[in-house]
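Okay, structure first, notes after.
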Amino acid sequence: MNRIEGRVKVTGLATYAAEYPVEGVAYCYPVQSTIARGRVTGVDAGQALAMPGVLAVLSVEDPPDLAEDADPELALFRSRDVVYRGQLVAAVVAGTYDQARAAADAVRVAYQPQAHDVRLRADHPDLYRPETVNPNLPPDTDKGDVEAGLAAAASAVDVTYTTPPLHNNAMEPHAAVAVWADDGRLLVYDSTQGASGDRDSIAKTLGLPAGQVRVVSRHVGGGFGSKGTTRPNAVLAALAARAAGRPVKVVFTRQQMFDLTGYRTPTVQRLRLGADADGRLTAVEHTAYVQSSRIVEFAEQAATPGRVMYATPALRTAHRLVRLDVATPSWMRAPGECPGMYALESAMDELAEAAGIDPVELRIRNEPTTEPDGGLPFSSRSLVTCLREGARRFGWDRRDPAPGLRREGEWLVGTGVAASTYPARRGPSQATATVRDGDFVIRVAAADIGTGARTVLTRIAADCLGVAPDRVHVELGDSDLPAAPVAGGSMGTASWGSAVVRACEALRADGGEGSADTTEEVKADEELARHAFGAQFAEVRVSSVTGEIRLSRLLGVFAAGRVLDARLARSQFVGGMTMGMGMALMEETLTDDEFGGFLHRDLAQYHVPACADVPAIEAVWIDEQDGLLNPMGSKGIGEIGIVGAAAAIGNAVHHATGRRVRDLPITPAKILA
Ligand code: MOS
């Protein structure tokens, strides 16, 4: 299907958070800490308050009324402690945006600085093992005897990879407009991946009952995880509106987003793999070093993919975390699997070379019958089919494995492969289906963050009701609608779709109104290993003169259950693969050791792929029947496209040049070095 909201989007009529016309709206501009660690000893707002249009200055000098148990990330202006550079220490509310920004510049903040430490290292003395890693997994697993497996291996690798901090950089900045009604109800137009959860979290932060807050987010211009949790823009707008006695709008700038809306942790990952003479794994060890802030613990599960991917008698995975003077890392497209599979799939390529076995064949030989770590049966697993189909489409059988051999003028040409995986989960959701003027109305507080959720839910409902899609009207993006989980973890469609199907079934049985709550249904789901899989094939051309790397082809073959809409699915896969290309070759936020915070703060410095960078990107899928997932038989597809893409490209760069760059991104400077 074409996107239902496509027309309003391309004609500029779709309303994003900052665009709702609100009578008498004022503007709020943040003041951010200029030190990375220490205390705010004083905030002098005198000059700012005297400037034109200024309505209020918020700061730690007059801490706002917030719930005692508020999330420390959202408890704005309550503590004088500065724990990272860029932290919100004050904010100015004024009649116009320019007045607020000018006055924010005039707020004088005095600090007592302390020495800071912003650098993740695998030998950091403060590394520790967290109790759990996201999303509530054991930090370490240990099966069999890894040392014996490595000692007995015919070939082995012991390699360390690093990945830099990465920023989500959704196209629409984080923004919110807060409106307090006379009866004390708060309306927030927010840019969020989940209106229900956002409503709950704003209410909790402000110490209000959830019923007193409403979040509206009908159109969202991307999030990639950075809008999966409530961000300070929403709380700041609410506090500023309360202080000013007027509705208030907050729109973070791109530079503020680099500090205030999350990023993917940098990682250091050590992989030790061994294989016997036939290429069967004898041991897999994956250790991931990641960072968090001093505010809250966020432990990215980068070492977990080995628990899912390959058969091995000995498997050890471990996470070590260090709390630094940095902003808290957060969710970014395929958290865990994305950096983790970069390292594992690069190491598999190095093992294939060491063992003299084709890298596609090496993976096929290590296909497990049950989940390698837990031993659970798979609901379905089509990795081998993806690898074979990808190899066939790509022309893999014509590949000479020797690196650095193919040259066209100044260009060295190489190809690489890597596998993809991502969990296929679902969560409880509510939905209703009703009849209106002979048409059907579906209500669910789902979020369409640009993925096409509105469209795919229309199609799911139309299928279930047996009517044409144009007779179905989906209402989403509003916390007053039936409660629904976040558009995250690649589980939006599976979760909301389950509730929509049940509501439509109830409507068909009853005739008037159908409502559904899948809490019990989801709770009763059998314990199984549910994952999508894929295989990515890359061809790169590397200039022997400048070190420039051009991705000339990227093919992804995915197995993700039943694909509900081909056009929307292709868009998700291609988008993820493109983001994986950015991770491989461009994306990197430099950390500022001297002053703390980040040196890269905008899209001039933080490079993302443009259309011209991806001349031939192709996503296909195999038809996978899996009746053990949800009523649609679908697996999530929002994240798997990024998983494995960077490894496939890095493996291709090695094949082209004979050089193995183990520190992302793979830049011309690293090639020339
Ligand atoms: Mo995604 S990082 O689960 O929003």
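Just so you know, in region 518-534 the residues that are away from the ligand (no atom under 16 Å from the Cβ) and open to solvent by 30 Å² or more (accessible area, probe 1.4 Å) include one that is nearest to residue 214 (Cα to Cα), and it is 519.
Specify the residue that is nearest to the ligand (Cβ to nearest atom); the eligible residues are those in region 227-251 that are over 19 Å from the mean Cα position of the chain (by Cα) and surrounded by fewer than 24 Cβ atoms within 10 Å (Cβ to Cβ). Across region 227-251, the extreme among qualifying residues is 251. Filter region 41-62 down to the residues that are farther than 10 Å from residue 103 by Cα and part of a loop (DSSP other than H, G, I, E, B), then identify the one that is most open to solvent (accessible area, probe 1.4 Å). The selected residue is 62.
For region 171-191, the criterion of being free of Cβ contacts under 8 Å to residues at least 60 places away in the same chain, of a type in the set (Val, Ile, Thr) and touching a helix residue (DSSP H, G or I) at 6+ places or on another chain (Cβ under 7 Å) is satisfied by at least one residue.
With open to solvent by 20 Å² or more (accessible area, probe 1.4 Å), polar (S, T, N, Q) and more than 16 Å from the ligand (Cβ to nearest atom) as the only criterion, which of 515, 543 stands out? The conditions single out 515.
Once region 204-221 is narrowed to residues that are touching a Phe, Trp or Tyr at 6+ places or on another chain (Cβ under 8 Å) and in a loop (DSSP other than H, G, I, E, B), the residue that is farthest from the ligand (Cβ to nearest atom) is 219. In a residue-by-residue description of region 630-638, the property of being within 18 Å of the chain's Cα centre (by Cα), more than 23 Å from residue 489 (Cβ to Cβ) and either open to solvent by less than 10 Å² (accessible area, probe 1.4 Å) or not polar (S, T, N, Q) (or both) applies to no position.
Please go through region 305-354 and give me each residue that is within 16 Å of the ligand (Cβ to nearest atom), more than 21 Å from residue 663 (Cβ to Cβ) and either open to solvent by less than 10 Å² (accessible area, probe 1.4 Å) or of a type in the set (Gly, Ala, Ser) (or both), ordered by number.
Of region 305-354, the ones within 16 Å of the ligand (Cβ to nearest atom) are 305, 328-342.
Adding the requirement that they be more than 21 Å from residue 663 (Cβ to Cβ) leaves 328, 330-331.
Passing the criteria: only 330.
Is it true that residue 267 is touching a strand residue (DSSP E or B) at 6+ places or on another chain (Cβ under 9 Å) and either more than 25 Å from residue 234 (Cβ to Cβ) or surrounded by 22 or more Cβ atoms within 10 Å (Cβ to Cβ) (or both)? Yes.
Quickly run through region 618-629 and pick out the residues that are modelled with pLDDT of 95 or more and either more than 21 Å from the chain's Cα centre (by Cα) or outside any strand (DSSP E or B) (or both).
So the first thing to find is which residues in region 618-629 are modelled with pLDDT of 95 or more, and the list is 618-622, 624-629.
The answer is 618, 620, 621, 622, 624, 625, 626, 627, 628, 629.
Tell me the residue from 153, 170 that is within 30 Å of residue 278 (Cβ to Cβ), hydrophobic (A, V, I, L, M, F, W, C) and surrounded by 21 or more Cβ atoms within 10 Å (Cβ to Cβ), please. So that I can check it myself, show each step before the final result.
Details: 170 fails: within 30 Å of residue 278 (Cβ to Cβ).
Answer to the selection: 153.
Please indicate, with yes or no, whether at least one residue in region 111-118 is free of Cβ contacts under 8 Å to residues at least 24 places away in the same chain, under 30 Å from residue 268 (Cβ atoms) and assigned to a loop (DSSP other than H, G, I, E, B). No, region 111-118 contains no residue that is free of Cβ contacts under 8 Å to residues at least 24 places away in the same chain, under 30 Å from residue 268 (Cβ atoms) and assigned to a loop (DSSP other than H, G, I, E, B). Is there a residue being among the hydroxyl-bearing types (Ser, Thr, Tyr) and in a loop (DSSP other than H, G, I, E, B) anywhere in region 660-667? Looking for residues that are among the hydroxyl-bearing types (Ser, Thr, Tyr) and in a loop (DSSP other than H, G, I, E, B), one finds at least one in region 660-667, hence yes. Of all residues in region 446-469, those that are without any contact (Cβ under 8 Å) to a residue 24 or more places away in the chain have Cβ atoms under 7 Å from Cβ atoms of residues that are outside any loop (DSSP other than H, G, I, E, B), 6 or more apart or on another chain, in 462/469; 462/472; 468/462. Test residue 277 against the criterion of being open to solvent by 10 Å² or more (accessible area, probe 1.4 Å) and in contact with a helix residue (DSSP H, G or I) (Cβ under 9 Å, 6 or more places away or on another chain), and give yes or no. Against the criterion (open to solvent by 10 Å² or more (accessible area, probe 1.4 Å) and in contact with a helix residue (DSSP H, G or I) (Cβ under 9 Å, 6 or more places away or on another chain)), residue 277 qualifies.
Could you check, for region 410-422, whether at least one of its residues is away from the ligand (no atom under 16 Å from the Cβ), in a loop (DSSP other than H, G, I, E, B) and either under 30 Å from residue 544 (Cβ atoms) or under 26 Å from the mean Cα position of the chain (by Cα) (or both)? Walk me through how you get there before you give the answer.
Let us first name the residues in region 410-422 that are away from the ligand (no atom under 16 Å from the Cβ), namely 410-419.
So of that shortlist, the ones also in a loop (DSSP other than H, G, I, E, B) come out as 410.
From what's left, either under 30 Å from residue 544 (Cβ atoms) or under 26 Å from the mean Cα position of the chain (by Cα) (or both): 410.
Yes: region 410-422 contains one or more residues that are away from the ligand (no atom under 16 Å from the Cβ), in a loop (DSSP other than H, G, I, E, B) and either under 30 Å from residue 544 (Cβ atoms) or under 26 Å from the mean Cα position of the chain (by Cα) (or both).
Looking across region 356-402, the residues that are part of a helix (DSSP H, G or I) and not hydrophobic (A, V, I, L, M, F, W, C) come down to 359, 361, 363, 365, 385, 388, 389, 390, 392, 393, 397, 398. Annotation: residue 201 fulfils all but one of (1) open to solvent by 20 Å² or more (accessible area, probe 1.4 Å); (2) away from the ligand (no atom under 16 Å from the Cβ); (3) part of a helix (DSSP H, G or I); the unmet one is (2). Per this entry, residue 224 is not counted among residues that are crowded, with 22+ Cβ neighbours inside 10 Å, more than 16 Å from the ligand (Cβ to nearest atom) and either aliphatic (A, V, I, L, M) or modelled with pLDDT of 95 or more (or both). Taking each residue of region 559-572 that is under 19 Å from residue 420 (Cα atoms) and looking for partners that are assigned to a helix (DSSP H, G or I) with beta-carbon atoms closer than 7 Å, six or more apart or interchain, yields 559/385; 559/386; 560/640; 563/569; 572/641.
Only one of the listed residues (441, 435) is over 29 Å from residue 530 (Cα atoms), touching a residue at least 40 places away in the same chain (Cβ under 8 Å) and assigned to a strand (DSSP E or B). That residue is 435.
When region 10-40 is filtered for residues that are in a strand (DSSP E or B) and within 31 Å of the chain's Cα centre (by Cα), the ones remaining, listed by number, are 27, 28, 29, 30, 31, 32, 38.
So that you can scan it fast, the table gives a plain yes or no per residue for (1) surrounded by 14 or more Cβ atoms within 10 Å (Cβ to Cβ); (2) closer than 25 Å to residue 229 by Cβ:
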| residue | (1), (2) |
| --- | --- |
| 64 | yes, yes |
| 74 | yes, yes |
| 78 | yes, yes |
| 103 | yes, no |
| 112 | no, no |
| 115 | no, no |
| 124 | yes, no |
| 128 | no, yes |
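All conditions but one from (1) within 16 Å of the ligand (Cβ to nearest atom); (2) in contact (Cβ under 8 Å) with a residue 40 or more places away in the chain; (3) open to solvent by 20 Å² or more (accessible area, probe 1.4 Å) apply to residue 136; the one that does not is (2). Of 459, 365, 443, 426, all but one fail to be open to solvent by less than 50 Å² (accessible area, probe 1.4 Å), more than 30 Å from residue 549 (Cα to Cα) and among the basic types (Lys, Arg); the exception is 426.
Collect the residues in region 493-506 that are within 16 Å of the ligand (Cβ to nearest atom) and either open to solvent by 30 Å² or more (accessible area, probe 1.4 Å) or touching a Gly at 6+ places or on another chain (Cβ under 7 Å) (or both), keeping them in residue-number order.
Going through region 493-506, the residues within 16 Å of the ligand (Cβ to nearest atom) turn out to be 493-496.
Result: 493, 494, 495.
The values are calculated or read from the model by the stated rules, or taken from the named source; none is laboratory data. The structure displayed is predicted, hence computed values, not measured ones. We place every Cβ from the backbone using ideal geometry, glycine too, and count neighbours over all the protein chains shown. In case anyone asks, the SASA skips ligands and DNA or RNA and just uses the protein heavy atoms, side chains included. Shrake-Rupley method; radii C 1.70, N 1.55, O 1.52, S 1.80 Å.
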